[in-house]
Amino acid sequence: MRRKGLLKKTAALCLTAAMAFAAGCGNSGSATASQAPAESAGTSGTAAAGAESDGASAATKFEDEVTIRVMLWDRGDAAPGTTTENNTLTQWLKEQIKETYNINVEYVAVPRSSSDDSLNIMMSGGTAPDIVFTYDQAMFYNFASNGALADLTEVYSKYGSNIEEYCQEAQGIGTLGDVRYAVMKQRGTEQPRHMAYIRQDWLDELNMEMPTTKAELGEYLKAVKENKLGGDNTVPWAMGGRGDTEKNYLNFVGSYVTLADDREAYIYNEAYMAVAPGSKDGLKQLNEWYNEGLITRDFPTDTSEDVMKADIANGNAGFILTDLTEPWDSFKVLNSETGGETFVPLYCFDLPDGSYRNPFEYRYAMFVMVPSTTSGEKLDACMMYLNWLADPENAKMVRYTPDLTENEEGVAVEPNKTQKDELGYPGTPDDLCIMNLNFDWVNDPEVLAQTDFDNQETQWASLEWFQNFYTMRTEHKFRFPTFGYISQDEQTFGADIKARMIEFVYTVVCAPSDQFESVYESGYAELVNAGLQKILDGRAAYYDSLGN
């Protein structure tokens, strides 16, 4: 296993870290083919072949110092006496990069809440750091197609061997044609976007089997309402009203959509699933259940989801569809009150053929880019920095801090908030780990289940509960096809249409029964007028242009 090798290098890095802390703590107060390692690839101007090699890559150390500037999110959670840019972790990381490559790293903080706006301003004004990033594919495509990004193709082949080895699953979307304009952060645990949960104890009370179809789910919801299992405030299906996510309906409505082939799956991805062929039947079913009182009344007004969370925690709710682990805090409260386990995950959104479709996150996370204003030795230095971060041994020290511990399963554990404050670490070390979260334990269900069970402050779920959860979340995996290209119409109208689409779904679901058709037709027409059909036509045309 690789874990033993990781531990050996971790010990060595910890020694380096200890020396770095002694020197730095006083300042803390203020899809492509594999490439062979670049054995002695030169850089512009002042670089010479270096000796640093860990078996995964050989690197180059600059004879003269090179300075690069790197974007960093500011969440306002710096430890007391430190800043986002200057703290124990940034000082340690700077020391590693300086010692390895003779590269000086300067961090440029931007507010996390408005990072894309800040990035747009910096890119437009020519003041962007040498390494920038975004989750927004449209922003990446806009930068790339307008000449704002450096061509990383050659420098990636020279210095990207760790990225290629450890983050390869994520890299395909970082190219346009044959040109690489971004390297992609590799996600860790493979996981679905959303999960449905049901009250197992209520099923037992009703003497009902676990639903495996939407029809059986409907029977359960009606039984919950009729029997007032949550008291006078019973909510058979608790639903929230956030306006930035399809989580409340995607899996359900999507189960009415066949998606006959990859072409259809590409045209109607998550953002457009609510208008895919067959989706109207799913919206009509939700509308019927809403008008029967089976879904939270006026749920679109619960934009913070406080009402939904309270319904879960107070024992009023019988079923939810939401993000994967988002309701766990509410489960803790509820289970503490009931003295036993309540909600369990399930699959019951059957497709027309009886199977299930469980949309998964993509393996890529952020688009990590270099502006076209960065060139020569700085461009080389940027790729060396990113390649260093891609090594899982290095990434682990950044993500969990050099003061990490490991549990009995070999899983890294970062210091708690109090310890991080005392040691001068930022509240979110992951913000510096911009290349790789694909550690060797992240897709081992048994290890993850045991770790979650052990990490409970108060035991709200059994080991068997976590084992069942981690087993179930690996099932029925589906990923929508994706490409780096985005049409001009989608760039222009996409963000607005995605927001309108969610509003459209909420409005249709909450319409009076006798007005469903008219509300649906008028809402759909508004989407078309806002650019929906142009987007769908553009996606179809692009897919067809690939000759598939």
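Quick notes on this structure:
- Distance from the C-alpha centroid of the range 242-288 to that of the range 289-364: 18 Å, rounded to the whole angstrom.
- In this Cβ point-charge picture (+1 for Lys and Arg, -1 for Asp and Glu), the chain has a dipole of about 680 debye about its Cα centre.
- The orientation-averaged projection of the convex hull spanning the C-alpha atoms of the range 366-510 amounts to 14.6 square nanometres.
- Between Asn314 and Ser145, the distance separating the two model label sites (each 7 Å from Cα on the Cα→Cβ line) works out to 4.9 nm.
- Simple rule: put +1 on each Lys or Arg Cβ and -1 on each Asp or Glu Cβ in the range 475-548, find the dipole, and look at Ala499, Thr482, Ala530; the Cα lying farthest toward the positive end is Thr482.
- Using all pairs of distinct alpha-carbon atoms, the Kirkwood hydrodynamic radius of the range 126-248 works out to 19.3 angstrom.
- Charge dipole magnitude, Cβ of K and R +1, D and E -1 - the range 274-392, Cα centre, debye nearest 20: 260 debye
- Here the range 382-397 and the range 510-535 have alpha carbon centers that stand 48 Å from each other.
- Near the amide H of Leu149, within less than 5 Å, lie the amide hydrogens of Ser372, all on another chain or at least 5 residues away, with H placed in the peptide plane.
- Distance between the 7 Å Cα→Cβ label points at Phe483 and Asn529: 3.2 nm.
- Entries in Lys94/Lys378; Lys247/Lys309; Lys247/Lys420; Lys247/Lys280; Lys417/Lys498 that, when Cα-Cα distance is taken, lie over 26 Å: Lys247/Lys420; Lys417/Lys498
- If you wrap the tightest convex hull around every Cα atom of the range 182-272 and split its volume per residue, you get 163 Å³.
- For Arg69, neighbours were defined as the other residues whose beta-carbon sits under 13 Å from its Cβ, and their charges (Lys and Arg +1, Asp and Glu -1) total -1.
- Within the assembled protein chains, the solvent-accessible surface assigned to Ser255 is about 0 Å², based on a 1.4 Å probe.
- P(r), alpha carbons of the chain - 10 Å bins starting at zero, rounded %: 3, 16, 25, 25, 19, 9, 2, 0
- Each part gets one Cα centre, and for the range 53-125 versus the range 152-219 those centres are 27 Å apart.
- Applying the Karplus relation 6.51 cos²θ - 1.76 cosθ + 1.60 with θ = phi - 60° to the range 457-464 yields 3J(HN,Hα) values of 5, 10, 6, 9, 8, 7, 4, 4 Hz, where x marks Gly and Pro.
The values are calculated or read from the model by the stated rules, or taken from the named source; none is laboratory data. Source: prediction; values computed, not measured. Cβ: placed from backbone, ideal geometry, glycine included. Neighbour counts: every protein chain shown. With ligands, DNA and RNA removed, areas are computed over all heavy atoms of the protein, side chains included. Shrake-Rupley method; radii C 1.70, N 1.55, O 1.52, S 1.80 Å.
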